[in-house]
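The values are calculated or read from the model by the stated rules, or taken from the named source; none is laboratory data. What you see is a predicted model; the values in this text were computed from it and never measured. Every residue, glycine as well, gets a Cβ built from its backbone with ideal geometry; the counts of neighbours run over all protein chains shown. For accessibility, only protein heavy atoms count, side chains too; no ligands or nucleic acids. Shrake-Rupley method; radii C 1.70, N 1.55, O 1.52, S 1.80 Å.
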Amino acid sequence: MKRLVALAAGLAFVVVPAAPAPVLALPDGQALTPPMGFNNWNATGCAVDEKLIRDTADLFVAQGLKDAGYQYVNIDDCWAAPDRDATGRLTHHPQRFPSGIKAIADYVHAKGLKLGIYTSAGTLTCAKTMPGALDHEEVDAQTFADWGVDYLKYDNCNNENRPALERYTKMRDALKKTGRDIVYSICEWGQNKPWEWGAEVGHLWRTTGDITDTWPKVVEILKKNAPLAPYAKPGAWNDPDMLEVGNGGMTATEYRSHFSLWAMMAAPLLIGADLRRISPENLDILRNKEVIALDQDRLGAQGRVVSQVDGKWIFVKPLANGDTAVALFNENAVATRIGTSAPALGLPRRPAYTARDLWQHKDFQTAGEFTAVVPAHGTVVYRVSSRNWWSAEPLVSAGLELGESIPGIPAQIVPAGQAFEVAVSATNHAVLPVINPRPRLSVPTGWRVEVLSQQRKLVLGSGESVSGRWRITPAATGKPELTSGVDYGGGSVTSTTELIVPPETPRGTSPLGDVPSAWESGGYGPVERDMSNGSWQPKDGKPLTINGTVYAKGMGAHAPTEIVYYLGGKCSAVTSIVGIDDDRNDANKVGSASFEIWADGAKVADSGVRTWRDDPISITGALRGAKFLRLVVGDGGDSPSYDRGDWATPALTC
Ligand code: GLA
């Protein structure tokens, strides 16, 4: 009988691959929408104290975050004393939390907020500064309940290789036994497919390893978490980790994408920045109530990917009131047009729709296309309904698209004195026509601009486009950005495109680490100079060392890394010693990467896969005539974990 059921379930899985076997959520009525709050880890690591928690609770109220829905103020690792007390209970760390956790819980509760805490399903927590709860589940759960804790993040470190399901279930039962409502966050990093069992054990489960304040990491996590959409539901959520918005490692556009995509994925929204230091712009991202409403929608559907082609993503999320959220996400490093339509989204047929732009806070009328020119790494989010479309202004997608560039070289790198062409186009998606549309472009002062064509139309009907082409010659002066868009009778659309005018390359032979690059993207925080790539923070590496040999000069580059230099055809060769840095976790003797040198679109040197065991080798790439040099560190065919690549004593000859 059991077999038959399993067989039937298997069959159902084959027929409808999107539907997981039904796993019920915990029937305790908690976390019916994804938890919202704060956790200090991303901002402070172990440097947590009671002042930070009190200040955060104060700021939740004073800055309108409580009003926006943020509720849980959560303490991460390092809050406890290193040893249990005589009765076997955890106690607060005497310096970090001198008043004790109960007093902090009381303080937070008095503000109408809730308190969260952290421990690990292991002998010690991840930072190893305090005991974990393994084999102490009941006493620890009871201690938390006695203090008035409302949320537990239960980590996975030092778990003695005992089965995850057993460890996490024990804590579920211990929490239940206390009789207190405690939201239960499973943090086992997606190692044992918690989406398949997490709903019966906790209210949310991490689906990946730790987030960092870097764009590649956000995209990596997105790609792992998005396909898990069928597993999310009220009371049971995929957790792609806490927010990095405001921590400083990404642009405002990237933070808006991070926030939009987490909301579309019905992720827990746990602020990870120190609110005492956050910029007003980033605070406003966190307070965008219209985006929060998508996350908190009571239908509880995680948005799913409708299509993902060439870095152009379309997400759709059905909402409880019948509206539909649509996100257009541009993974690429240049602005691009992204669009979808009512039939592609499965929307009911209507004469027209209202697409409310949740970052511009404006309603637009559309006959059924949902399109925008989305900036590099940007996300446009529409809330689509069929209400009041007749009074909304026309949806006109307009913007600039940069022409083709050399493969691998970001198109926004525009060397001074070298003319390039751009097109600005505008399309009217509304039912009603748009009058007298004029595409326009403006360039920084000191740059030359020549109009190649500029279409004029008296009336732009539904679905029609106008465009213009310009030839631009950049100069080394002026803020390198282009402002483009369209003006029409009664309205306009404007956007800016940031460009990079690369620095000149020095003559002679130079240590490449001292030559300014045009553009770079590190896999784990910034590419370092004259040190290894420690973690995601800047300048936190050790001396560059490959199998015991120390190098004073060079670059520490964690896979996947790309570094681009503008050569302007003036250089002849680059040579470097390469290998995996000795800065690796001894317990994890892993790490492999490949080192490639590219001259424009051609690969001119390749180290092959180098592992943590290998001695350094030297590679040389011929560059004669090349406009650009690109250094690539690949992950060696496995995951990028511990792939700290070194370019040791690299030298460029021009
Ligand atoms: C693990 C978790 C993080 C954080 C740290 C604390 O890495 O995944 O979110 O809690 O431990 O040490």
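Quick notes on this one:
- Listed values for segment 179-189 are Karplus-derived 3J(HN,Hα) couplings in whole Hz (6.51 cos²θ - 1.76 cosθ + 1.60, θ = phi - 60°), namely x, 9, 6, 9, 5, 10, 9, 7, 10, 10, 6, and x replaces Gly and Pro.
- In terms of its C-alpha gyration tensor, segment 79-217 comes out rounded, because the ratio a/c of the largest to the smallest axis stays below 1.5.
- Fraction of antiparallel bridges per DSSP, segment 34-298 only, in percent to nearest 5: 10 percent
- 5 angstrom amide H check on Thr91, placed H, neighbours 5+ away: Ala81, Asp85
- Taking every DSSP beta bridge that has both ends in the chain, the antiparallel portion is near 80%.
- Positive minus negative residues near Lys627 (Lys, Arg vs Asp, Glu; Cβ under 11 Å): +1
- Per the chain, cysteines lacking a partner by the 4.7 Å Cβ criterion: Cys187
- Area projected by the alpha carbon convex hull of segment 303-394, averaged over all directions, nm²: 5.5 nm²
- Loop-resident chymotrypsin sites (Phe, Trp or Tyr not before Pro) (DSSP state other than H, G, I, E or B) in segment 290-338 with no more than 12 further Cβ atoms inside 10 Å of their Cβ are absent.
- For segment 296-331, the residues whose amide N sits under 18 Å from a probe point set 7 Å from the Cα of Glu290 along the beta carbon direction are 296-297, 315-329.
- For Gln454, distant residues with modelled amide H under 5 Å away: Arg469
- The calculated Kirkwood hydrodynamic radius for the chain is 27.1 Å, given to one decimal from all distinct C-alpha pairs.
- Of Lys128/Lys217; Lys223/Lys479; Lys233/Lys312; Lys128/Lys289, those spanning more than 30 Å from alpha-carbon to alpha-carbon: Lys223/Lys479; Lys128/Lys289
- Reference-scaled alpha-carbon Rg (2.2 N^0.38 Å with N residues) for segment 509-653: 0.95
- Fraction of beta bridges assigned by DSSP in segment 91-241 that are antiparallel (%, nearest 5): 10 percent
- Surface composition of segment 569-654: carbon and sulfur atoms hold 49% of the protein heavy-atom accessible area at a 1.4 Å probe.
- Counting heavy atoms of the protein chains alone, Glu498 has an accessible area of about 140 Å² for a 1.4 Å probe.
- Residues of type lysines that Lys603 reaches as a straight line, Cα spacing below 22 Å, ignoring anything fewer than 8 places off in the same chain: Lys570, Lys627
- Principal semi-axes in Å for segment 34-298 [√(5λ), Cα gyration tensor, largest first]: 27, 22, 16
- Integer Hz, Karplus 6.51/-1.76/1.60 couplings in order for segment 323-338, x for Gly and Pro: 5, 10, 8, 10, 10, 10, 10, 9, 6, 6, 8, 10, 4, 8, 7, 10
- 3J(HN,Hα) along segment 28-38, derived from phi through the Karplus expression 6.51 cos²θ - 1.76 cosθ + 1.60 where θ = phi - 60°, amounts to 9, x, 9, 6, 5, 10, x, x, 10, x, 9 Hz, with x in place of Gly and Pro.
- Global size of segment 297-342 as Cα Rg and Dmax, reported in angstrom: 12.0, 35
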